[in-house]
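What follows is a set of notes on a single structure, which appears directly below.
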Amino acid sequence: MTISENEHFPQFTPVEYLEWEAQQELRHEFVDGRISAMTSESVEHDRITANFSNMLQEHLRSSVCRVFNSNVKVQTLESNAFCYPDISVSGDVQDRSANNFITHPCLIVEVLSPSTEAYDRGEKFALYRQVTTLEEYVLVSTDKIELDVYQRNDLGSWEFSSYEAGDVVELKSVNFTFEIDRVYEDLVVEIGE
């Protein structure tokens, strides 16, 4: 998703934002009282998101975990931010009855685009790190076969692993191992360098 700042949005409280956004046609993220409109992305972005989501759905079938798409917000409680990840997964009972947003994801996946990559790697990841249940954060490239995984270790620090064409990816948060090429099925993309 592309974020476009709009100077014309007023400052909102979290409650005002949730009430206002429920009436909007487009999705909007909320950080520190600021609202940013989310716009559509490329066919590649959507295909990668669908491939990854379908793999997770199949793997987690019959488990307590639920896979959420980009229409479900994640709230970071410390900063009262509401963000729309491309994919999130939660096995927490509190998120099973969620209507508008979840608060306890164990896995978040963002599919990168040129307009969002810096935000997804920087400010958005900083917000997500506030979620105490988050174990893994995955960033997926759209222009080459490349995937970055940040895993929270037992000491609470984040460890980084990068994968490229031909690699096998392990997501410990959902006990899932897969070939990276499956994420890029039906797409023509460059092989990472």
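The values are calculated or read from the model by the stated rules, or taken from the named source; none is laboratory data. Just so it is clear, the model here is predicted, and its values are computed rather than measured. With ideal geometry, Cβ positions are generated from the backbone for all residues, glycine too; neighbour counts draw on all protein chains shown. Heads up: the accessible areas ignore ligands, DNA and RNA and are worked out on the full protein's heavy atoms, side chains in. Shrake-Rupley method; radii C 1.70, N 1.55, O 1.52, S 1.80 Å.
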What single numbered condition from (1) farther than 30 Å from Glu19 by Cα; (2) in contact (Cβ under 8 Å) with a residue 24 or more places away in the chain; (3) of a type in the set (A, V, I, L, M, F, W, C) fails to hold for Val131? (1)
Here's a check for you: in region 28-63, which residue that is in contact with a helix residue (DSSP H, G or I) (Cβ under 9 Å, 6 or more places away or on another chain) and surrounded by fewer than 16 Cβ atoms within 10 Å (Cβ to Cβ) is farthest from Val188 (Cα to Cα)? Gly33
Matching entry among Tyr128, Tyr163, Tyr137, Tyr150 (being open to solvent by 10 Å² or more (accessible area, probe 1.4 Å), within 16 Å of Cys83 (Cβ to Cβ) and either out of contact with any Cys (no Cβ under 9 Å at 6 or more places or on another chain) or not β-branched (Val, Ile, Thr) (or both)): Tyr150
Within region 158-193, how many residues turn out to be closer than 21 Å to Val67 by Cα, part of a loop (DSSP other than H, G, I, E, B) and either touching a strand residue (DSSP E or B) at 6+ places or on another chain (Cβ under 8 Å) or modelled with pLDDT of 95 or more (or both)? 1
Qualifying positions in region 171-193 - within 16 Å of Asn51 (Cα to Cα) and among the charged types (D, E, K, R): Glu179, Asp181, Arg182, Glu185, Asp186
Against the definition (open to solvent by 10 Å² or more (accessible area, probe 1.4 Å), more than 28 Å from Val174 (Cβ to Cβ) and not acidic (Asp, Glu)), how does Ala98 come out, yes or no? no
Has region 105-125 got any residue that is open to solvent by 10 Å² or more (accessible area, probe 1.4 Å) and over 24 Å from Arg34 (Cβ atoms)? yes
Kindly indicate whether Leu155 is assigned to a loop (DSSP other than H, G, I, E, B), open to solvent by less than 10 Å² (accessible area, probe 1.4 Å) and either without any contact (Cβ under 8 Å) to a residue 60 or more places away in the chain or closer than 26 Å to Glu41 by Cα (or both). no
Among residues of region 76-95, those that are crowded, with 18+ Cβ neighbours inside 10 Å, touching a residue at least 60 places away in the same chain (Cβ under 8 Å) and over 26 Å from Val183 (Cα atoms), counted: 1
